[in-house]
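Everything on this sheet refers to the single structure shown next.
The values are calculated or read from the model by the stated rules, or taken from the named source; none is laboratory data. Small disclaimer: the values here were computed from a predicted structure and weren't measured. Glycine also receives a Cβ, built like all others from the backbone with ideal geometry; neighbour counts cover every protein chain displayed.
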Amino acid sequence: MPQAAATAPPVAEVMAELDSPTPEDCTSPFAPVWIGEMVRRQPQG
């Protein structure tokens, strides 16, 4: 896990550069990726 902790700050910096404000009436460009990942993580049954 220490390797993951060492990777987190650079990843956070890159994400901050990609972060862009989303107007109130719009969907974030990351929403489809996030929704797909949340659906994938749901327990099957």
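Being polar (S, T, N, Q) and either modelled with pLDDT under 70 or surrounded by fewer than 10 Cβ atoms within 10 Å (Cβ to Cβ) (or both), is that true of even one residue in region 28-37?
Here is the first cut: in region 28-37, the ones polar (S, T, N, Q) are 28.
With the extra rule that they be either modelled with pLDDT under 70 or surrounded by fewer than 10 Cβ atoms within 10 Å (Cβ to Cβ) (or both), the set shrinks to none.
No, because not a single residue in region 28-37 is polar (S, T, N, Q) and either modelled with pLDDT under 70 or surrounded by fewer than 10 Cβ atoms within 10 Å (Cβ to Cβ) (or both).
Within the set Gln3, Gln42, the sole residue that is at pLDDT 90 or above and among the polar types (S, T, N, Q) turns out to be Gln42.
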